[in-house]
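Okay, so here's the structure we're looking at.
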Amino acid sequence: MPAPAVPSPPPELLTARVQDPYPYFAWLRRHAPAHPHRRAGRPTVWQISRYDDVRTLLTDERLSKEPDRVPGYVPGPAGLNRHLVHADPPDHTRLRALVNAAFVPRRIARLEPFIADTANRLLDRIEQHTHVDVIAAFAAPLTFRMICAILGVPGELDNAATRDTLMATIAPASGVDLARAEAELHALLDLLIAGKRTGGVRDGVDLLGALVQAGDDSGAMSEEELRSTAYLLLLVGHDTTMNLIGNGMLALLRNPDQAARLTGPRATPGLIGTAVEELLRYDSPVRDATFRCAAEPIGLHGQVIGEGDIVSLVIGSANRDETRFPDADRLDVGRTPNDHLAFGYGPHFCIGAALARLEGAVAFPLLLERLGPVAPAKPVEELSWRPARVMRGLAALPVVRT
């Protein structure tokens, strides 16, 4: 029996999905929960949009994380893809074990004073300004500084130029020479790794130094894996939490009744933990789960996902699934339970989840208290979102004091 015809989404939802993907996601959940996107000469990409399907497939061994299974697929910067996000067991198990120790919650918790001090120093510079870009002035430098501190990146490389080089490889701005950006990133990573080999592992948290030492002493990592892992950790440790802060602040600005529950005379003590979870759910910093493809045919909702097809597990849609989250399109900073999938689920659960949660728990109260009453400096529909393949994040969040 032939598979049922798959309906096409309304053109207006496709046009608007970068600015506001949630009406498009709702259409997918209702009408095409396993939706194929077919293009001549390109691999088929299936969008899986319902919560139960996404959660189940996040642990399904029939899905592979290895891009080499898809002929012609290019997952990112050349030579920087041999990391744990693009590996199945046993390679994934080996690589994850090497980085796990630096991200255990008890070790991350010790960073809270450093995060608070860094956040307050950034706010010292901007709290007197009438107009502020929350991304450029706060979210970007805070999150990049944190991951640089964990990796042991020298202070002279913790700057906007390094961030720009990194971000150009995933969401290049108009006019950016992508090949040049990738070459500069390769050179930067090689410089960092060489520095660890000559300078040794510094005291305190120095994950990159520890990885270099472990790889050199035991042969546990190839040079390409080491370089790729450094790239991955820099990227996800910065980009996801920057998006959490930007997306979350926009959500709070659009829902002042919820912001009032976190700060000021009507604040509910101890609510920040559940608030961070709800901000992660409401406008997830990771729109689609990282790369997966079918290692064998998979039947779903009357369709057959073919071997070698790419399977996009749409976390942003799953987290707005009304069958799982009552009144899912409403922001509720006290929502419990809240089994969102913003960090994924299963063996590939985000290794930096504890760090992102801690940075959010520190950042949101400080921003709300020290910036005072602010509003978006332009209409929300005119805000610019970065055209990244997996992430969802604002390019800028200009606000003005009211």
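Restricting region 41-93 to residues that are of a type in the set (Lys, Arg) and modelled with pLDDT of 95 or more, which is nearest to Ala318 (Cα to Cα)?
Looking at the filtered set, the residue picked out is Arg50.
Here is a yes/no grid of residues against (1) more than 28 Å from Trp46 (Cβ to Cβ); (2) surrounded by fewer than 23 Cβ atoms within 10 Å (Cβ to Cβ):
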site: Gly246; (1), (2): yes, no
site: Arg266; (1), (2): yes, yes
site: Glu296; (1), (2): no, yes
site: Gly299; (1), (2): no, yes
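Please go through region 19-34 and give me each residue that is surrounded by 13 or more Cβ atoms within 10 Å (Cβ to Cβ) and under 27 Å from Ala395 (Cβ atoms), ordered by number.
Passing the criteria: Asp20, Pro21, Tyr22, Pro23, Tyr24, Phe25, Ala26, Trp27, Leu28.
Just checking, does region 264-277 include any residue being among the hydrophobic types (A, V, I, L, M, F, W, C) and modelled with pLDDT under 95?
yes
If you scan region 251-264, which residues turn out to be surrounded by 16 or more Cβ atoms within 10 Å (Cβ to Cβ) and in a loop (DSSP other than H, G, I, E, B)?
Asn255, Ala260, Arg261, Leu262, Thr263
Would you check if there is a residue in region 117-124 being surrounded by fewer than 22 Cβ atoms within 10 Å (Cβ to Cβ), touching a residue at least 12 places away in the same chain (Cβ under 8 Å), of a type in the set (A, V, I, L, M, F, W, C) and in contact with a Lys or Arg (Cβ under 8 Å, 6 or more places away or on another chain)?
yes
So which residues in region 317-329 are of a type in the set (Gly, Ala, Ser) and surrounded by fewer than 23 Cβ atoms within 10 Å (Cβ to Cβ), if there are any at all?
If the condition is that a residue be of a type in the set (Gly, Ala, Ser) and surrounded by fewer than 23 Cβ atoms within 10 Å (Cβ to Cβ), then Ala328 is the only one that fits.
Starting from region 87-107, take each residue that is free of Cβ contacts under 8 Å to residues at least 24 places away in the same chain and closer than 12 Å to Pro347 by Cα and list its partners that are among the aliphatic types (A, V, I, L, M) and surrounded by 12 or more Cβ atoms within 10 Å (Cβ to Cβ), counting only C-beta distances under 8 angstrom and pairs at least six apart or across chains.
Here the result reads Ala87/Leu95, each pair linking region 87-107 to a residue that is among the aliphatic types (A, V, I, L, M) and surrounded by 12 or more Cβ atoms within 10 Å (Cβ to Cβ).
Exactly one of these conditions fails for Asn81: (1) of a type outside the set (A, V, I, L, M, F, W, C); (2) in a loop (DSSP other than H, G, I, E, B); (3) surrounded by fewer than 20 Cβ atoms within 10 Å (Cβ to Cβ); (4) out of contact with any strand residue (DSSP E or B) (no Cβ under 7 Å at 6 or more places or on another chain). Give me its number.
(3)
Given (1) farther than 24 Å from His92 by Cα; (2) more than 22 Å from the chain's Cα centre (by Cα), identify the lone condition not met by Val212.
Condition (1) is where Val212 drops out.
For region 305-402, give me every one of the strands (runs of 3 or more DSSP E) that falls completely inside it and has 3 or more residues that are over 20 Å from the mean Cα position of the chain (by Cα).
Strands (runs of 3 or more DSSP E) meeting the threshold: 374-376, 398-401.
Name the one entry in Leu142, Leu123, Leu95 that is part of a helix (DSSP H, G or I), out of contact with any strand residue (DSSP E or B) (no Cβ under 6 Å at 6 or more places or on another chain), more than 19 Å from Leu235 (Cβ to Cβ) and not basic (Lys, Arg).
Criteria check complete, one pass: Leu123.
Listed residues Leu271, Leu279; which is in contact with a Gly (Cβ under 8 Å, 6 or more places away or on another chain) and surrounded by 23 or more Cβ atoms within 10 Å (Cβ to Cβ)?
Answer to the selection: Leu279.
Search region 150-178 for residues that are surrounded by 11 or more Cβ atoms within 10 Å (Cβ to Cβ) and modelled with pLDDT of 80 or more and pair each with any residue that is of a type in the set (Asp, Glu) and in a helix (DSSP H, G or I) when their beta-carbon atoms are under 8 Å apart and the residues are at least 6 apart or on different chains.
Thr165/Glu184; Met167/Asp239
Out of region 203-244, which residues are out of contact with any helix residue (DSSP H, G or I) (no Cβ under 7 Å at 6 or more places or on another chain), small (Gly, Ala, Ser) and over 20 Å from Leu111 (Cβ atoms)?
Across region 203-244, the qualifying residues are Ser218, Gly219, Ser222, Ser228.
Without any contact (Cβ under 8 Å) to a residue 12 or more places away in the chain and not charged (D, E, K, R): is that true of Pro387 in this structure?
The answer is no for Pro387.
Can you name the condition, by its number, that Ile147 falls short on among (1) within 26 Å of Gly344 (Cα to Cα); (2) of a type in the set (Val, Ile, Thr); (3) at pLDDT below 90?
It is condition (3) that Ile147 fails.
In this structure, is Gly360 more than 23 Å from His37 (Cβ to Cβ) and buried (at least 22 other Cβ atoms within 10 Å of the Cβ)?
Here the answer is yes, as Gly360 does meet what is asked.
List the pairs whose first member sits in region 182-204 and is within 17 Å of Thr229 (Cα to Cα) and modelled with pLDDT of 85 or more, whose second member is part of a helix (DSSP H, G or I) and of a type in the set (Asp, Glu), and whose Cβ atoms are under 9 Å apart, counting only residues at least 6 apart or on separate chains?
The qualifying pairs are Ile193/Glu223; Arg197/Asp216.
Wholly within region 11-62, which helices (runs of 4 or more DSSP H) include no fewer than the required count, namely at least 2 residues that are hydrophobic (A, V, I, L, M, F, W, C) and under 25 Å from Gly306 (Cα atoms)?
Where helices (runs of 4 or more DSSP H) fall fully within region 11-62 and carry at least 2 residues being hydrophobic (A, V, I, L, M, F, W, C) and under 25 Å from Gly306 (Cα atoms), they are 22-31, 51-57.
The values are calculated or read from the model by the stated rules, or taken from the named source; none is laboratory data. For clarity, every value in this text was computed on a predicted model and none was experimentally measured. Reconstructed Cβ throughout: ideal geometry from the backbone, glycine too, with neighbour counts over all protein chains shown.
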